[in-house]
Amino acid sequence: MHIVLLNRAVARLGAAALLLSALASGAQSAPQAVNPSWQQVAPGVWKASLGQPEDLSLLSAAGVQPALTRLASLPAAAFPLDAAEIEVRQMDWKVALRLPLAANEDIYGLGVDFSTVRRNGQIFELHVDHWNRRAPTPGRTHAPVPLYISSRGFAVLFDSARYLKVSVGHGVRLAAKQKPPVVDRTTRTIRPATPGTAPIPAPWISALPSDSIEVLANAPGFDVYVFAGPSPMDALRRYNLFCGGGSLPPKWGLGFLTRLPTKATAADVLADVAAFREHGLPLDMIGLEPGWMSHAYPCSLEWDPTRFPDPAGLLGELDRLGVRANLWFNPYIGPPHGKLYGRMLPFAGSHLVWNGLVPDYTLPEARATLAGHLRDEVLRLHPRAVGGFKVDEVDGYDRYLWPETATFPSGHHAEQLRQTYGLLVQRVLLEEFRALDRRTFGQVRGTNAGASSFPFVIYNDNYDFGEYITAVVNSGFAGVLWSPEVRGSDNPEDMLRRIQAVCLSPLALYNGWASPQKLWTHPSALPGIRAALRLRLQLLPYLYHTFAQYHLDGLPVIRPLQLVTSAAATTAGPGGQPALDATTNPYEAPAALKEIKDQYLLGDSLLVALLAPDAASRPVVLPPGRWYDFYTGRLAGEDTTIYVTPPADQLPLFVRDGAIIPRLAGEPLRAPRTGELPRLELWHYGEKPGALRLYDDDGETFAYERGNVSWTDLRAERSPDGTWHGTAITVAGTQTWSYSDPRWFFITP
């Protein structure tokens with residue numbers, strides 16, 4: 001007993017000695033806060049370099065090239081924050097940043113999350129990972145894009161390839177000008193400052209709201225960007241355009257994709273295409289899973305000679321049928337006797353994944369080696385028939401990817417590779433298709449900031465319907481694309497509702513890699529499934545125009561209601577930032593819209609309100625303006641909440657008053673090819689006159705970047721006698737569009 005006490009006393013004396021030594025050395029001094037210096041780097045975009053930024057960042061990994069001309073076309077805007085309220089501290093090897101947060105300011109973004117839309121009151125660990133729904137950590141997800149969007153009309157990006165910790169309204173500062181009221185937990189009251197005044201009843205809460213957004217980076221420094229508005233949508237547009245503009249996929253990429261079981265053969269591929277046609281189901285892409293390769297986990301990236309003895313012949317037949325192949329792989333290279341292993345060995349990291357090499361794709365030589373191998377083994381067999389790739393396992397989990405102790409030939413940290421791996425592989429693939437002058441549209445399971453221009457759609461292996469749709473909504477804040485999946489179901493209604501959901505998302509697909517079920521497995525659901533797939537393809541001109549807006553204007557394909565209902569600013573404090581003590585928020589969305597996470601706008605004019613498989617009806621929040629039922633043209637309402645019970649073969653879908661929805665006529669089974677001229681239908685809804693300048697190009701090559709595009713002015717107007725008529729005039733100086741003469745439909749109540 002005496003020995004134990006003596007040891008404790010010695011320990012205390014040792015700790016005291018260490019403390020005195022630290023005090024004597026000056027360690028008691030707190031890191032000093034400074035105001036960063038801002039430089040305008042593009043119209044409405046400012047940059048500050050904090051500490052010593054590293055050479056590898058998210059934007060550098062993505063090879064971002066800002067679309068400066070298009071950025072200059074956005075409304076002029078001043079720096080939107082009070083620069084004096086932005087503070088940075090160097091804390092040993094880390095950097096901390098504080099930005100102001102007003103009491104009535106709503107924050108959105110910070111990656112593709114599955115739980116919530118509004119971010120206030122949360123702490124995020126931004127870390128590329130496969131999201132774990134059993135133990136969710138906010139920010140550990142497939143696309144932890146470190147971009148937040150304020151309801152006050154600006155956005156902020158933290159361009160670091162390190163893990164980031166972001167607190168949104170947590171941690172009350174001693175120096176704060178505004179603090180929450182002090183509540184006595186025992187009495188649940190606030191003691192008034194005036195003596196003799198009765199205490200004020202108030203709830204006691206443990207997590208008090210603060211006036212700050214605070215970021216801690218495990219790095220010696222990083223760049224931070226501020227994107228001005230004046231509206232939240234304008235701020236997001238500036239971000240997307242700063243990243244080069246959104247992706248513009250080929251037209252066939254907006255058709256339907258089906259994926260085959262793991263061990264499917266060439267005969268299975270052709271049989272599946274034939275079955276789609278026999279059942280009257282549209283199909284534009286067919287996905288081959290690991291079995292197309294001679295070795296998987298790790299991947300050889302070579303055709304399996306048993307299942308695919310003549311890959312060039314198969315690809316030629318798919319091209320004749322108007323279907324593109326999409327090939328799965330993960331970028332971990334093996335086995336040792338494969339063609340690629342030896343060439344990649346000099347560029348490999350210190351650790352393996354599934355006994356496969358982990359190439360350091362920050363090295364140009366590693367990227368060139370991967371590109372050359374895919375070119376020789378796959379793309380040259382038939383450049384048109386191979387439409388794209390599915391890039392798997394670039395997200396997590398920690399238990400099977402490389403540890404943070406791993407080293408890489410470039411000298412970059414394992415953490416930096418984890419945050420950028422998906423970006424680097426996407427960049428390799430896009431550049432290879434660009435060299436062939438063929439557009440691509442693929443899938444990826446992990447990405448990050450800077451990916452707006454990459455034609456890849458994120459996916460994951462979770463299967464909760466509500467979480468899927470929340471992720472779709474959140475992708476609209478992040479400059480990325482996300483799609484739910486359908487993997488079969490023993491319940492025909494569940495299968496149908498999931499198909500309807502994917503058909504109104506950026507990528508429509510059925511992922512049958514591990515299921516014996518097909519879209520025609522449930523006869524009772526087949527008519528509704530057929531209707532959903534056909535509607536998807538009929539809407540191709542509208543969807544393609546929407547993606548053109550993403551590319552040219554930075555407008556996201558998926559538009560959360562919080563972005564489209566915000567008003568313009570009317571008051572502002574220093575630097576354009578609304579005063580911290582404001583009692584009204586000029587951008588604040590109505591309370592009913594703050595956490596809407598199962599509705600969104602698809603493009604300008606379609607309001608999507610998906611119905612869960614276990615629900616017969618649902619409420620729908622209609623934004624300001626008059627909205628009409630897509631199927632009947634009846635007025636649904638204006639700036640209100642309605643309750644709908646749609647039939648099984650329909651889902652709640654509404655159209656903005658005056659909208660013109662361009663559609664393919666008939667019931668096509670694939671997207672049109674270059675040179676084909678399908679008939680166009682122009683559907684006008686509501687009572688307002690309609691106007692749309694419709695975009696078009698060849699839909700397959702990069703000729704649009706060389707000016708080979710068409711713009712057609714569409715107008716729907718009512719004559720004095722009350723009859724409607726429409727016109728379509730190609731804008732002078734542009735190409736002719738890819739459709740035959742249009743037919744107008746006026747969908748009025």
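The table below gives the values:
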| quantity | calculated |
| --- | --- |
| Partner lysines for K94 [C-alpha distance under 17 Å; skip if fewer than 8 residues away on the same chain] | K165 |
| Ranked I286, I596, I149, criterion: other C-beta atoms within 10 Å, fewest first | I596, I286, I149 |
| Rg followed by Dmax, in Å, when the range 598-749 is reduced to its Cα trace | 17.4, 52 |
| Separation between Cα centres of the range 492-531 and the range 627-673, rounded to whole Å | 20 |
| Summed residue charge, Cβ within 10 Å of F465's Cβ, Lys/Arg positive, Asp/Glu negative | -3 |
| Burial ordering of Y544, Y421, fewest other beta-carbon atoms within 10 Å first | Y544, Y421 |
| Mean Cα-pair separation over length for the range 598-749, i.e. relative contact order, pairs under 8 Å, 6 or more apart, % | 20 |
| Local electrostatic count at L496 - Lys and Arg +1, Asp and Glu -1, tallied over other residues with Cβ under 11 Å | 0 |
| Relative contact order (%) - criterion: Cα under 8 Å, at least six apart; region: the range 122-199 | 25 |
| Spin-label pair R191/N104, simplified geometry with 7 Å Cα→Cβ offset, distance in nm | 3.1 |
| Sites matching trypsin sites (Lys or Arg not before Pro) across the range 150-215 that sit in DSSP coil, with at most 10 neighbouring C-beta atoms within 10 Å | K177, R185 |
| Contact order normalised by residue count of the chain, Cα under 8 Å, 6+ apart, percent | 13 |
| Relative packing of peptides 646-659, 550-563 - highest average C-beta neighbours within 10 Å first | 550-563, 646-659 |
| Fraction of antiparallel bridges per DSSP, the range 598-749 only, in percent to nearest 5 | 85 |
| Per-residue Cβ neighbour rank within 10 angstrom, fewest leading, T197, T189 | T197, T189 |
| Average silhouette area of the range 386-463, convex hull of alpha-carbon atoms, in square nanometres | 6.4 |
| Segment Q517-A435, length gained on full extension (0.36 nm per residue, minus Cα span) | 25.7 nm |
| Proximal charge balance of L507 [Cβ under 12 Å; K/R count +1, D/E count -1] | +1 |
| Inter-centroid distance (Cα atoms) of the range 415-464 relative to the range 176-221, Å | 44 |
| Reachable aspartates and glutamates, given that their alpha-carbon falls under 18 Å from the alpha-carbon of K263 and they are not under 8 places away in the same chain | D272, E289, E302, D304, D310, D392 |
| Sites K688 and A202, calculated FRET efficiency, Cβ-Cβ separation with R0 35 Å, nearest 0.05 | 0.15 |
| Shape of the range 253-553, Cα gyration tensor, a/c cut at 1.5 | prolate |
| More than 50 Å apart - percent of Cα-Cα pairs taken over the chain | 18 |
| For the chain, calculated [θ]222 nm from helices alone, where every DSSP H run of n ≥ 4 adds -39500 (n - 2.57) | -7000 deg cm²/dmol |
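A short reminder: the numbers here are calculations on the coordinates, not readings from a lab. Everything quoted here is computed from the prediction, not taken from an experiment. Glycine also receives a Cβ, built like all others from the backbone with ideal geometry; neighbour counts cover every protein chain displayed.
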